């Protein structure tokens, strides 16, 4: 569970990196991570005010969770955390802001991810991404608003467990809110 939340947190923090230029729009369907990165680069957003580098704090609040097949006592304990916030800090370097890698947008270097849909522009971002992980297939849907130094998004994450797994999958809804705090300290989570 922690690994999935950590991956989701990276996606959220890195989605904030899409912020910066309201005069351009990037749209793609059925696109790889590399294709999204190329479209963003081609749009000119990177050369403009792509993102403000520095230390970012994201607050993630899980608002709903479904875990079919999980033992009732474990599910009760996890659901007891609904509505509680988790904080993550991440450093976005000046180099990442100027030359983002294709993994910058998916937030997960190890996963094979592909965007069903991706739109960013005018202070809004919307995406649906499918990722294959060792534990199963994850679908992440995110919609929200952004500015160069902050963002606020809603997210739905659904993971389908591999066949034979005692837990058939899980889904959760979350709210992600982040803002830039200042310069990087070197103590941020990765």
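The values are calculated or read from the model by the stated rules, or taken from the named source; none is laboratory data. Predicted model only: the values in this text are computed from it and were never measured. Cβ coordinates were reconstructed from backbone atoms using ideal geometry, including for glycine residues, and neighbour counts include every protein chain displayed.
Here are some notes:
Conditions tested, residue by residue: (1) touching a strand residue (DSSP E or B) at 6+ places or on another chain (Cβ under 9 Å); (2) exposed (fewer than 12 other Cβ atoms within 10 Å of the Cβ); (3) modelled with pLDDT of 85 or more; (4) outside any loop (DSSP other than H, G, I, E, B).
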| position | (1), (2), (3), (4) |
| --- | --- |
| 49 | no, no, no, no |
| 52 | yes, no, no, no |
| 55 | yes, no, yes, yes |
| 64 | yes, no, yes, yes |
| 74 | no, no, no, yes |
| 83 | yes, yes, no, no |
| 91 | yes, no, yes, yes |
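- Among residues of the range 124-166 being assigned to a loop (DSSP other than H, G, I, E, B) and modelled with pLDDT under 80, the one that is surrounded by the fewest Cβ atoms within 10 Å (Cβ to Cβ) is 164.
- Restricting attention to the range 169-190 and to residues that are in a loop (DSSP other than H, G, I, E, B) and surrounded by fewer than 16 Cβ atoms within 10 Å (Cβ to Cβ), the residue that is modelled with the lowest pLDDT turns out to be 190.
- Here residue 186 meets each of (1) touching a strand residue (DSSP E or B) at 6+ places or on another chain (Cβ under 7 Å); (2) on the phi > 0 side of the Ramachandran plot with one exception, condition (1).
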